[in-house]
Every structure is written in C-alpha cells, then in structure tokens.
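Heads up, the thing below is written out as structure tokens.
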Amino acid sequence: MPLPRPVILVVEDEPLQRLMAVDLVEDAGFDVVDVASAAEAVRVLESRPDIRVVFTDIDMPGGLNGMQFAAAVRDRWPPIELIIVSGKRRLGAEEMPARGVFFAKPYKNDEITTVMRQMVG
C-alpha cells in the first residue's frame, strides 16, 4: 500500500489565487485542503493532525491576517512548516516566524514546489 501523500493547507481569500495555489500543490504531488480565511484554517488545523505545511497569504480580511495566523501556527502547531506569500508586502527575515519562508507574488511555481518538497522531506 502506498504511503499517504503529505497534506498542505492553502489559506487564500481570493478565489482565483486560491485555485492557482491548489493546482500548484496538487501538481507538486501533495494532497491539499483549501480555505478562504485564517479562522477556517485554525478549525482545519484543530481537526486535521496530518497537515504538514501551511501555505498562506498575508493579506486577508477578517480577524487574523496571514502574519498573525502564521504566528498562531508556530505557537500552537510548532512542527508545521510555513510558506507565506504576499502581493502587497515584502518581508524581511526578522519579520518571519521560525522556519517560515516568504515569497512575493507573483511567485514562481517551481521555487515554491522545491521549498514544499524540502519541508516535507
């Protein structure tokens, strides 16, 4: 029986961007769960211990933005890896949570694929 594929949680409020991220994750050979808000993502993480990587946008409406959500992930689920993207902000290493990786939109799919594969290694 084949091993289960690693699961990546995509958090993106913009539907087209979320669809493109889901396609990227699936094309890289991973299973994907996608949600439109940080609040939804927290509910998924509370119920899915199989999530290995969170791929989140910074700029989201609602209670938590992507950086607050990433900090919450790092605090509550320390083994989960973080990929953070934004089309509006550029982050320095000092702003990133531990082991977080930042990509500016538009990002290169092959670069994110490489990082995802390294993270689930």
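Values in this text are rule-based calculations from the coordinates and carry no lab data. No experiment lies behind these values; they were computed from the predicted model shown. Backbone-built Cβ (ideal geometry, glycine too); neighbour counts: all protein chains shown.
Taking the Cα centre as origin and putting +1 on Lys and Arg beta-carbons and -1 on Asp and Glu beta-carbons, what dipole magnitude results for the chain, to the nearest 20 debye? Working shown, then result.
Details: 14 positive and 19 negative charges, 57 e Å.
Dipole magnitude for the chain comes out near 280 debye.
Among Glu94, Glu81, Glu14, which one moves the most in a GNM of the chain with springs linking Cα atoms closer than 10 Å?
Comparing Glu94, Glu81, Glu14 in a Gaussian network model of the chain, the most mobile one is Glu94.
Working from the alpha-carbon coordinates of the chain, get Rg over Rh, Rh being the Kirkwood radius. All intermediate terms of the calculation are to be shown ahead of the outcome.
Values: Rg = 13.1 Å, Rh = 14.2 Å.
On the Cα set of the chain, Rg over Rh gives 0.92.
Can you compute the charge dipole magnitude of segment 69-121 about its Cα centre, using +1 on each Lys and Arg Cβ and -1 on each Asp and Glu Cβ, nothing else charged? Give it in debye, rounded to the nearest 20.
Working: 9 positive and 6 negative charges, 34 e Å.
Computed about the Cα centre, the dipole is about 160 debye.
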